[in-house]
Amino acid sequence: MISLFHTVLYQPIFNLFVWLYNVIPGHDVGLVILAITVLVRLALYPLTSSSIKSQRALQDLQPKMAAIKLEYANDKQKQTQAIMELYKNNKVNPLASCLPMLIQLPILIALYKVLQDGLHSKNLADSLYSFIANPGSINQISLGFLNMAESNKVLAVLAGIAQFFQAKTMMRKSPPAQAGEGAKDEAMMAMMNKQMLYLMPVMTVLIGFNLPGGLTLYWLFGTLLMVAQQLWLSKKYQAKDGIVEGELVK
C-alpha cells in the first residue's frame, strides 16, 4: 500500500513540484504551490461540481422529504423507501458531496510529504524521474520573506476565514415552517451545519498553526478557488431556474 501511494500520488506530485520550481521565473516556491493548487482543483473540478450540484438538489428536496417523514411518521421502513425513491426519481446521490473530500485527503497527505521533502531538499535525486532536472536544492523563501517550510499563523488565520466563507456559501436552508414535525430532521441538520460553520474554521486555524506554511498556503488558495466555484455554479443554476439570488441562510 505504501509503495502504491508513493508511485501513484507522491512521486508524480513531487516531480510536478520540482518541474514547476525549475520553470517558474525566480524559482519562487510559493508560486509553485499556487500552480499545483490550481492544477489539483482543475483535476477535481468535475467531482466538486457534481458535489455542489448534489448539495443544491438536496436543499431543493427538503420540503418533499419533510412531507414524506410527516406522512410515514410511524413507519420508518416506508419512510426510508419513499426517500430513496425520491432520490432515485430526482437523480440525487446523497453521498456525492463526500467524494471530493475523500479523494482530496490522500492528495493532501501526499502534498504534505512532498512539501516536507521538497522544501528541505530531501530525496530529490531518489524520487525524480529521469527527464526532470535536479535543482540541487529548493529555496524555502517565497516573495522574499515567507518561509514555506515553517508554520505561518497569518496564513492559518486567513485559511480559517476562507473556510468560514466556503461553509457559508453552502449552508443548508432551514426547512419551511409548514413542513411541521416532519421537518425536525432537516432542522437538526441545519442546526448542525450552523455549528460546523464556526467549528471548521477554528479547526482549520488550529491545524494550520502546526503545518508548514506551504501546505497552509495550498489549503487557503484551494479554499478560495472552491468558494469561487461554488458561487459561480450557484449563479449559473439560479439563472437557469430563473431564481433571484437572496440570502443563503436564514
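By the gyration tensor of its Cα atoms, with a ≥ b ≥ c the square roots of the eigenvalues, what is the shape of the range 1-53: rounded for a/c under 1.5, prolate for a/b over b/c, or oblate? Cα axes put the range 1-53 in the oblate bin. Of the chymotrypsin sites (Phe, Trp or Tyr not before Pro) found in the range 199-240, those that fall in a DSSP loop while having at most 15 other beta-carbon atoms within 10 Å are 209. For the set 76/235; 69/168; 113/235, the pairs lying more than 29 angstrom apart at their alpha carbons are 76/235; 113/235. Maximal additional length on extending the residue 137-residue 233 stretch stands at 30.4 nm, based on 0.36 nm per residue less the C-alpha distance.
The residues neighbouring residue 115, those whose beta-carbon lies less than 13 Å from its own, together hold a net charge of 0 under the Lys/Arg +1, Asp/Glu -1 convention.
Coordinate-derived values only; no laboratory data. The shown structure was predicted, so the numbers you read here are calculated from the model rather than taken from an experiment. Cβ sites come from the backbone with ideal geometry, for glycine too, and all protein chains shown count toward neighbours.
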